[in-house]
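Before any comments, here is the structure.
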Amino acid sequence: MTDKASGQVVDDQAHWPADHPSVAYGRIGVLLLNLGTPDGTSYWPMRRYLKEFLSDPRVIEEPKWKWWPILNLIILSKRPSTKGKDYASIWNNELDEGPLKTITRNQAHKLSARLGADGRIIVDWAMRYQNPSTESRINWLMEQGCDRVLLVPLYPQYAAATSATACDEAFRALMKMRWQPSVRVAPAYFEDPAYIEAVASSMERDLAKIDFVPERIIATFHGMPQKYLQKGDPYHCQCQKTSRLLRERLGVDEEKWLTTFQSRFGNDPWLQPYTDATVERLGKEGIKKLVLVAPGFSADCLETLEELDVENREIFMHNGGEKFAYLPALNEGEEGIDVIEAVVRRELMGWK
């Protein structure tokens, strides 16, 4: 029967033996999954975050015997301090957290307001690395009576290093459970009309706010090693399709629109062309007005707020550029929530 106050479906307790544990079920959980953020910008929180992130074999596909000494003896001795300074420059000091955590929480709260009116759908959020952990939030959803859970990786384009590892973490949590919920995983939405329209509309609005007409627009996506593409990862192709669909929807000429990849790490060749090298080249070639947009990010974070809007702005200006703008991600704006809601409602069909 259904408890009218809570919306949960509970067994008829009158027929239970005296020592029977209380059981709640009948609700649907929606868990938004994002990458993660350090708990602080000082050395040790940054080290914990980087160690967890860079120890993930989905992220660094190198033999452990080869990667372990590089990570623990070299990278983790220096990188926490330098990356901590970068995080400090974008830190949400009011809440003492990274912007990715703030935005993802707000996305979950706004989605909950749209879906959770009758109490049957519970929306929550988790991070693949650090806090709140995926395992803790799945357990919490189960405690609320969610016997069905939709996992929603907030990555428009699928990659093993993002979408797959988020699901891996959820599945590891399920392996520990006596009573597992039924689980679905929302697929990548790189070509979803709702997503393309939301990004395009957001771009049109933001372009109207700046005081110049760009000579070039760069759609920049997070990079990955070239060998991951060669091993069969679909990420590169999905990024290219997203970029093409956006350009066509906005009616931008091909010669004015570029697709690039950022945030490379290590010495292996990554997906090209590289964003920073392209920005530098355009400045040197005489392009004076440049706009960057990052349609692979559902929320602004270090890679957009610091790397794109600060580092690449400086690269462009130091090489002859005059006007530069980074157009923000969809974040927790209405268009961003529209996209997540469209994906979630589609994937929940048959569960209501």
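The values are calculated or read from the model by the stated rules, or taken from the named source; none is laboratory data. It should be emphasised that the depicted structure is a prediction, and the values quoted were computed from it without experimental measurement. Note: ideal-geometry Cβ built from the backbone for every residue, glycine included; neighbour counts use all protein chains shown.
The table that follows gives values for the structure above.
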read-out: Single match in 208, 188 (criterion: more than 21 Å from residue 289 (Cα to Cα) and not β-branched (Val, Ile, Thr)); value: 188
read-out: Of all residues making up the stretch 140-197, the number that are surrounded by fewer than 18 Cβ atoms within 10 Å (Cβ to Cβ), among the hydrophobic types (A, V, I, L, M, F, W, C) and assigned to a loop (DSSP other than H, G, I, E, B); value: 2
read-out: Answer residue from the stretch 21-53, given it is of a type in the set (Gly, Ala, Ser) and out of contact with any Gly (no Cβ under 7 Å at 6 or more places or on another chain) and is nearest to residue 297 (Cα to Cα) among those; value: 36
read-out: Selection within the stretch 251-278 - part of a loop (DSSP other than H, G, I, E, B), among the acidic types (Asp, Glu) and without any contact (Cβ under 8 Å) to a residue 24 or more places away in the chain; value: 253
read-out: All positions within the stretch 51-64 that are in a helix (DSSP H, G or I) and under 23 Å from residue 226 (Cβ atoms); value: 53, 54, 64
read-out: Criterion: within 22 Å of residue 198 (Cα to Cα) and assigned by TED's automatic domain parsing to the domain that holds residue 263 - qualifying residue of 282, 290, 348; value: 290
read-out: Residue within the stretch 313-326 that is touching a residue at least 40 places away in the same chain (Cβ under 8 Å) and touching a Ser or Thr at 6+ places or on another chain (Cβ under 9 Å) present; value: no
read-out: Filter pass, residue 52 being modelled with pLDDT of 95 or more, in contact with a strand residue (DSSP E or B) (Cβ under 6 Å, 6 or more places away or on another chain) and surrounded by fewer than 17 Cβ atoms within 10 Å (Cβ to Cβ); value: yes
read-out: Filter result (assigned to a helix (DSSP H, G or I), of a type in the set (Asp, Glu) and either under 20 Å from the mean Cα position of the chain (by Cα) or surrounded by 15 or more Cβ atoms within 10 Å (Cβ to Cβ) (or both)) within the stretch 198-243; value: 206
